[in-house]
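Single-structure report; data block below.
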Amino acid sequence: MTFPKLVFLQFLCAAILVSIWVSPGFADDQPKVATVDAGIGSCKANFFVKDGAGKAIYNSKISVLIKYGFMNLRQTDLEAYTNIDGQARFTGLPNFSKKPLEFNISSGTVSKTVTDDPVEKCNAVFDVTLSVH
């Protein structure tokens, strides 16, 4: 092999190794958290949904109706579904609200309502257990 071919081959191998090392597909093995942005304020709410045995529930629906603005005439209806780890996130929630926000969490025939007052707790974390009684 001639010297220029050897240098080119070394450069090619180094470029392939660097691209594999830098590739985000290999570095990030965790599933993405489903995030819905209301675009109203700076508060957020994180949800961890699990069953009675403590296992994460995939694809459970979390919905909330947000009323805001003058005389609460504006409203936004948001929905998010949990990922494989039972996680979902709402961002951009209003910093203040006349009434607390009511999040409805449902999976199959089981449902639960969780209340969040953004004035008291702007970055809320909810650990929700859905179980059949």
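Out of curiosity, is residue 117 in contact with a Pro (Cβ under 6 Å, 6 or more places away or on another chain) and surrounded by fewer than 17 Cβ atoms within 10 Å (Cβ to Cβ)? Give the derivation first.
Numbers: in contact with a Pro (Cβ under 6 Å, 6 or more places away or on another chain): yes; surrounded by fewer than 17 Cβ atoms within 10 Å (Cβ to Cβ): yes.
Answer is yes for this residue.
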Note to self: Against the definition (surrounded by 18 or more Cβ atoms within 10 Å (Cβ to Cβ) and either out of contact with any strand residue (DSSP E or B) (no Cβ under 8 Å at 6 or more places or on another chain) or in a strand (DSSP E or B) (or both)), how does residue 103 come out, yes or no?
What the structure shows: yes
Margin query: Among the residues of the range 36-56, are any among the aliphatic types (A, V, I, L, M), farther than 30 Å from residue 130 by Cβ and at pLDDT below 95?
Written below: no
Next item on the list: Consider only pairs whose beta carbons are under 9 Å apart and that are at least six residues apart or on different chains; among these, list those whose first residue lies in the range 39-54 and is without any contact (Cβ under 8 Å) to a residue 60 or more places away in the chain and assigned by TED's automatic domain parsing to the domain that holds residue 82 and whose second residue is crowded, with 18+ Cβ neighbours inside 10 Å and not in a loop (DSSP other than H, G, I, E, B).
Entry: 40/66; 40/93
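Looking only at the range 24-33, decide whether some residue is modelled with pLDDT of 70 or more and either on the phi > 0 side of the Ramachandran plot or in contact with a Phe, Trp or Tyr (Cβ under 7 Å, 6 or more places away or on another chain) (or both). Steps first, please.
From the range 24-33, those modelled with pLDDT of 70 or more are 31-33; that's our starting set.
From the residues that got through so far, the ones that are either on the phi > 0 side of the Ramachandran plot or in contact with a Phe, Trp or Tyr (Cβ under 7 Å, 6 or more places away or on another chain) (or both) too are none.
Scanning the range 24-33 turns up no residue that is modelled with pLDDT of 70 or more and either on the phi > 0 side of the Ramachandran plot or in contact with a Phe, Trp or Tyr (Cβ under 7 Å, 6 or more places away or on another chain) (or both).
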Item checked: Close pairs from the range 69-97: first in a helix (DSSP H, G or I), partner exposed (fewer than 11 other Cβ atoms within 10 Å of the Cβ) and not β-branched (Val, Ile, Thr), Cβ under 8 Å, at least 6 apart -> 72/98
Item checked: Count of the range 81-116 residues which are under 18 Å from the mean Cα position of the chain (by Cα) and under 13 Å from residue 57 (Cβ atoms) -> 11
Item checked: Filtered residues of the range 77-101 (kept if farther than 23 Å from residue 128 by Cα and not aromatic (Phe, Trp, Tyr)) -> 98
Next item on the list: Provide a single number: the residues in the range 71-121 that are among the hydrophobic types (A, V, I, L, M, F, W, C) and over 24 Å from residue 32 (Cα atoms).
Entry: 6
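The values are calculated or read from the model by the stated rules, or taken from the named source; none is laboratory data. Since this is a predicted model, take the numbers as computed values, not measurements. Every residue, glycine as well, gets a Cβ built from its backbone with ideal geometry; the counts of neighbours run over all protein chains shown.
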